[in-house]
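Here is the structure we will look at, set down as structure tokens.
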Amino acid sequence: MTTRDGLGQARLEPGDVVLYYTDGVTEAVGITGERFDEQRLIQSLQTAARSGAAAQAILDQLFARLDRFVGTDRTLEDDASMVVLKVREAITLPSLNASAGPS
């Protein structure tokens, strides 16, 4: 979910992927002069997430895609930071009663 005011809620399910990024990613200029833009980032994220990869592998794929777009011999004009979070498969938490101990 994206909101302009930064407020909102979303229920995440096992396997869901969340990406945080700075504007340096979407504003990165490629060899042709085009920007990487949000649509290109979304497509890259969807491709990486559908592969079933872990969060670090998704992040590595996104940076590799950005590097290919910009050109490996060129440097970015702005910082480009990304954080990928992936919800793990469902886990079972211990019962609250089990941890209470004797009274």
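Bear in mind that the values in this text are calculations on the coordinates, not laboratory data. None of the values given here were measured: they were computed from a predicted structure. Cβ sites come from the backbone with ideal geometry, for glycine too, and all protein chains shown count toward neighbours.
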Exercise. Sorted by average packing, counted as other Cβ atoms within 10 angstrom per residue and highest first, what order do 54-61, 72-79 take?
Worked result: 54-61, 72-79
Exercise. Using only the Cα atoms, what convex hull volume per residue in Å³ does region 22-90 have?
Worked result: 83 Å³
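Among 43-49, 26-32, how do they line up from the highest to the lowest mean number of other beta-carbon atoms within 10 Å?
Working: 43-49: 16.7, 26-32: 14.7.
Those peptides, ordered most packed to least, come out 43-49, 26-32.
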